[in-house]
1. With every protein chain kept in the model, how would you rank Ser24, Ser10 by accessible area, 1.4 Å probe, largest at the top?
2. Counting helices only, and only those DSSP H runs with n ≥ 4, report the 222 nm mean residue ellipticity of the chain as the sum of -39,500 (n - 2.57) divided by its residues, in deg cm²/dmol to the nearest 500.
3. Using θ = phi - 60° and the Karplus form 6.51 cos²θ - 1.76 cosθ + 1.60, what ³J(HN,Hα) does each residue of region 86-97 get, whole Hz, x for Gly and Pro?
4. Under the Karplus relation 6.51 cos²θ - 1.76 cosθ + 1.60, θ = phi - 60°, what is the ordered set of whole-Hz ³J(HN,Hα) values for region 110-116, x standing for Gly and Pro?
5. State which stretch of the chain is the longest one without any exposed GluC sites (Glu not before Pro), exposure meaning a DSSP loop state and at most 14 other Cβ atoms within 10 Å.
6. 7 Å from Cα along Cα→Cβ at both Leu100 and Ser25: what's the point-to-point distance in nm?
7. Can you tell me how much longer the chain between Glu109 and Lys75 gets when fully stretched, taken as 0.36 nm per residue apart minus their C-alpha distance, in nm with one decimal?
8. Which of (1) 0.95; (2) 1.10; (3) 0.98 is the computed Rg/Rh (Cα atoms, Kirkwood Rh) for the structure on display?
Amino acid sequence: MNLCGNMRSSEFVALFLPNIELCSSLEYLDICETGFSVQAMAQVLQLMPNLQHLDVSDTDADDDLLNVVSQSNTKLLYLAVGGCINISNAGIKRVVESCLQLQVVDIAECPFIDDYAFLEANNIKLEIDSERDTIH
């Protein structure tokens, strides 16, 4: 489900909260370039245990949101956080340590993520430049 656009945080939460069945079966969520609050994103992500692809690029996503992801979305294969300036090595490490099937992480334009060796040691393919080119 791709929700890039002009939806407000309250509308985003209202779309998903009454639809627990939809949430639990959803495998793909793209909410890049949205103005959703971290709290709204966290509320919804907690309802999606089968999520495999998550794109929160260019949002206000931070390490607190990644903590929710590491607890609620452990089946992730792909995570895109490119352009999220409030994410650090610690947040990414929590996700990698909890999401054991994770294969690709897009960390383009994330100024506080620089521990590429940790990610590569865990066999994670990295996308680190603005063109989203893979380095591993």
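1. Details: Ser24 40, Ser10 80 Å².
Largest accessible area first, the residues go Ser10, Ser24.
2. Details: 6 runs with 48 residues, N = 136.
Helix contribution divided over all residues of the chain: -9500 deg cm²/dmol.
3. Karplus-based 3J(HN,Hα) across region 86-97 equals 9, 10, 10, 3, 4, x, 5, 4, 4, 5, 4, 6 Hz.
4. Here the 3J(HN,Hα) series is 10, x, 9, 10, 9, 8, 5 Hz.
5. Details: sites that count: Glu27, Glu33, Glu131.
The longest such stretch corresponds to 34-130.
6. It is 2.8 nm.
7. Working: separation 34, 0.36 × 34 = 12.24 nm, distance 2.48 nm.
Gain on extension, Glu109 to Lys75, equals 9.8 nm.
8. (1)
The values are calculated or read from the model by the stated rules, or taken from the named source; none is laboratory data. Bear in mind the structure is a predicted one, so any value in this text is a computation, not a measurement. Please note: Cβ atoms are built from the backbone with ideal geometry, for glycine as well, and neighbour counts cover all protein chains shown. Note: areas computed on protein heavy atoms with side chains; ligands, DNA, RNA excluded. Shrake-Rupley method; radii C 1.70, N 1.55, O 1.52, S 1.80 Å.
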